[in-house]
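Peer 1: Right, I'll just put the structure down here and ask away after.
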Amino acid sequence: MLTVNAYAAPSATEPLEATTIERRDLGPRDVLIEIKYAGICHSDIHTVRGDWGPVAYPLVVGHEIVGVVSEVGSEVTLHQVGDRVGVGCMVNSCRECENCLAGLEQYCLKGNTGTYAGVDRDGTITQGGYSSHVVVVEDFVLKVPESIPFDKAAPLLCAGITTYSPLAHWNAGPGKKVAVVGMGGLGHMAVKIAHAMGAEVTVLSQSLSKKDDGLAFGADHYYATSDASTFETLANEFDLIINTVSAVIDLDAYLSLLRLDGTMVNVGAPGQPLPLHVFTLFGNRRSFAGSGIGSIGETQEMLDFCAEHGIAPETELISADQINEAWERVLASDVRYRFVIDTATL
C-alpha cells in the first residue's frame, strides 16, 4: 500500500481537512499517477453533503484529474512512465454487459465504478483526486495532448466530456440552433464546444452579468431568463437545449423553446426532482433527455477535439488550503469558471 497526502471531508457538515490515505499496490494492469492538478466540480459538493444519497466518510472527492505516470504494472501497454494523463468520473466498469461491450462504460448496467465514493474491485471505497497520487487500471486512463495547458486540462475530464457527449450525440453542428442553460463550469464549456462544432449558440442565463464572457467564448446570442419576454421571443427556436444548471428550473418554460423534434438534455444534477407537464412534450414532438458523462473512447475524442480547436476551460488556480473557501464560492456562483487545485500544495 502507498500512503499519500490528501484533503478529505470528515462528514457532510465539517470543512475538508488535510490527511493521508492508502492507495492499493499496483496490479499488473494498473497505472500509478502523480496528480498535478485536480478540478473542483459541483458534484464533489453534492456528494459530500449527501444531496445524492449517503456516503462513507472520510471521503476524498475530485474526478477532474491530470498528472504524470510515475509507475506502471507489468502488463501495462497503453501508458508509460512520464506520460501526461487524465482520469475522469469513473475508474472501472464490469466490461461484460451490453453497454460496456458497446463501448459505453458510463452506462454500465451493473454500475460503473466512480472515481470517488464507489466500490472498488477490492471492496474498498474509491477516493478521488484531491490527493497527490492515484492508482487506476490502464483502460480508464486518458492521454492528455501536449497542446492543452496542464492546469487547464483537468476540468475537461468532467465539465468537458459532460457537455461534449450530448452535443456530439444530438449532432450539434452547422445549421443547428443550440441553447445552453447556465454559464458556469459546465455551461461555458458547452458554449466553447458547440461553437467549435459549428452550431449557432445561444446562452440562457439568469442575468446578463456574464454576457461579454459568453460572446467571447463563441455564443452568438445571450438572453436573461429573469426577463419573461425571453421565453416569448425564443418560443419554438432551438434544435437542442443543454441544461447545465444543478438546480430546479421551470422545465415547461424551457421545453417550449424547442422547435419540431427538438431535444432538451439535462446534464446538471439537482438534488430535488424536476417536474414537468407531459403536454409540453406533445407540442412540437419535443423530447426531454439525460446524458451522463461520456465513455472512455469519447472522452479521448473530446480531449483531441479540444486540442485541435484550441479549447480550454477558464480556470482559477488555488492551493489546497483554499479548497473550503473555493467550495463556498462555488455555491455562491462566484467563480469564472472552474477552480483547479495545485496538488503540489497538499
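Peer 1: Suppose we keep only residues that are without any contact (Cβ under 8 Å) to a residue 40 or more places away in the chain and assigned to a loop (DSSP other than H, G, I, E, B) within segment 103-123. Which one would you say is nearest to E75 (Cα to Cα)?
Peer 2: Residue satisfying both the conditions and the ranking: R121.
Peer 1: Something else: Can you find, within segment 284-300, the residue that is surrounded by the fewest Cβ atoms within 10 Å (Cβ to Cβ) among those that are in contact with a strand residue (DSSP E or B) (Cβ under 9 Å, 6 or more places away or on another chain) and within 30 Å of V85 (Cα to Cα)?
Peer 2: In the first step, residues of segment 284-300 are kept if they are in contact with a strand residue (DSSP E or B) (Cβ under 9 Å, 6 or more places away or on another chain); the result is 284-291, 293, 296, 299-300.
Restricting the remaining residues to those that are within 30 Å of V85 (Cα to Cα) gives 290-291, 293, 296, 299-300.
Details: G290: 11, S291: 19, I293: 22, I296: 19, T299: 28, Q300: 17.
It comes out as G290.
Peer 1: Here's another thing I want to ask about it. Taking S11 as the residue in question, decide whether it is among the hydroxyl-bearing types (S, T, Y), surrounded by fewer than 16 Cβ atoms within 10 Å (Cβ to Cβ) and in the same structural domain as A154 (by TED's automatic domain parsing). Give the steps one after another, and end with the answer.
Peer 2: Values: among the hydroxyl-bearing types (S, T, Y): yes; surrounded by fewer than 16 Cβ atoms within 10 Å (Cβ to Cβ): yes; in the same structural domain as A154 (by TED's automatic domain parsing): yes.
Taking the combined requirement at face value, the residue satisfies it.
Peer 1: Please find, among H63, H79, the residue that is in the same structural domain as G118 (by TED's automatic domain parsing), assigned to a loop (DSSP other than H, G, I, E, B) and in contact with a strand residue (DSSP E or B) (Cβ under 7 Å, 6 or more places away or on another chain).
Peer 2: Values: H63 fails: in contact with a strand residue (DSSP E or B) (Cβ under 7 Å, 6 or more places away or on another chain).
From the options H63, H79, the qualifying one is H79.
Peer 1: Of all the helices (runs of 4 or more DSSP H) wholly in segment 168-273, which have at least 2 residues that are within 23 Å of the chain's Cα centre (by Cα)? Quick ask: steps written out before the conclusion?
Peer 2: Numbers: elements: 185-197, 211-217, 229-233, 251-255.
In segment 168-273, the matching helices (runs of 4 or more DSSP H) lie at 185-197, 211-217, 251-255.
Peer 1: So A326 fits all but one of (1) in the same structural domain as T19 (by TED's automatic domain parsing); (2) at pLDDT below 95; (3) not in a loop (DSSP other than H, G, I, E, B); what number is the exception?
Peer 2: The one condition A326 does not meet is (2).
Peer 1: Still on this structure, I have one more. As an exercise: evaluate K177 against (1) within 23 Å of G268 (Cα to Cα); (2) in the same structural domain as L59 (by TED's automatic domain parsing); (3) out of contact with any helix residue (DSSP H, G or I) (no Cβ under 9 Å at 6 or more places or on another chain) and give the number of the one condition it does not meet.
Peer 2: (2)
Peer 1: Report yes if C100 is without any contact (Cβ under 8 Å) to a residue 24 or more places away in the chain and surrounded by fewer than 18 Cβ atoms within 10 Å (Cβ to Cβ), otherwise no. Talk me through it step by step, then tell me what you get.
Peer 2: Working: without any contact (Cβ under 8 Å) to a residue 24 or more places away in the chain: yes; surrounded by fewer than 18 Cβ atoms within 10 Å (Cβ to Cβ): no.
Here the answer is no, as C100 does not meet what is asked.
Peer 1: Let me ask you something else. Which pairs have Cβ atoms under 6 Å, sit 6 or more apart or on different chains, and link a residue in segment 150-173 that is surrounded by fewer than 20 Cβ atoms within 10 Å (Cβ to Cβ) to one that is in a helix (DSSP H, G or I) and not hydroxyl-bearing (S, T, Y)?
Peer 2: From residues that are surrounded by fewer than 20 Cβ atoms within 10 Å (Cβ to Cβ), the pairs are G173/M197.
Peer 1: Of the residues that make up segment 124-131, is at least one in a helix (DSSP H, G or I), of a type outside the set (V, I, T) and touching a residue at least 12 places away in the same chain (Cβ under 8 Å)?
Peer 2: We begin by selecting, within segment 124-131, every residue in a helix (DSSP H, G or I); these are none.
No, because not a single residue in segment 124-131 is in a helix (DSSP H, G or I), of a type outside the set (V, I, T) and touching a residue at least 12 places away in the same chain (Cβ under 8 Å).
Peer 1: Also, quick follow-up: Can you work out which of the residues in segment 329-346 that are more than 16 Å from A38 (Cα to Cα) and in a helix (DSSP H, G or I) is nearest to the chain's Cα centre (by Cα)?
Peer 2: The residue in question is L331.
Peer 1: Mind checking whether some residue in segment 136-151 is in a loop (DSSP other than H, G, I, E, B) and touching a strand residue (DSSP E or B) at 6+ places or on another chain (Cβ under 6 Å)? Walk me through how you get there before you give the answer.
Peer 2: Restricting attention to segment 136-151, the residues satisfying the condition of being in a loop (DSSP other than H, G, I, E, B) are 141, 144-149.
Next, only the ones that are touching a strand residue (DSSP E or B) at 6+ places or on another chain (Cβ under 6 Å) stay: 141, 144.
Yes, there is a match, as at least one residue in segment 136-151 is in a loop (DSSP other than H, G, I, E, B) and touching a strand residue (DSSP E or B) at 6+ places or on another chain (Cβ under 6 Å).
Peer 1: Just give me the residues in segment 281-308 being under 22 Å from E232 (Cβ atoms), at pLDDT 95 or above and in a helix (DSSP H, G or I), in sequence order. It would help to see each step written out before you state the result.
Peer 2: Start the filter on segment 281-308 by keeping residues that are under 22 Å from E232 (Cβ atoms), which leaves 281-286, 288.
Retained after the next criterion (residues that are at pLDDT 95 or above): 281-282, 284-286, 288.
Passing the criteria: L281, F282, N284, R285.
Peer 1: Kindly establish whether V55 is of a type in the set (A, V, I, L, M) and either buried (at least 17 other Cβ atoms within 10 Å of the Cβ) or not in a strand (DSSP E or B) (or both).
Peer 2: Working: of a type in the set (A, V, I, L, M): yes; either buried (at least 17 other Cβ atoms within 10 Å of the Cβ) or not in a strand (DSSP E or B) (or both): yes.
Yes, satisfied.
The values are calculated or read from the model by the stated rules, or taken from the named source; none is laboratory data. No experiment lies behind these values; they were computed from the predicted model shown. Note that each Cβ is placed from the backbone with ideal geometry, even for glycine, and that neighbours are counted across all protein chains shown.
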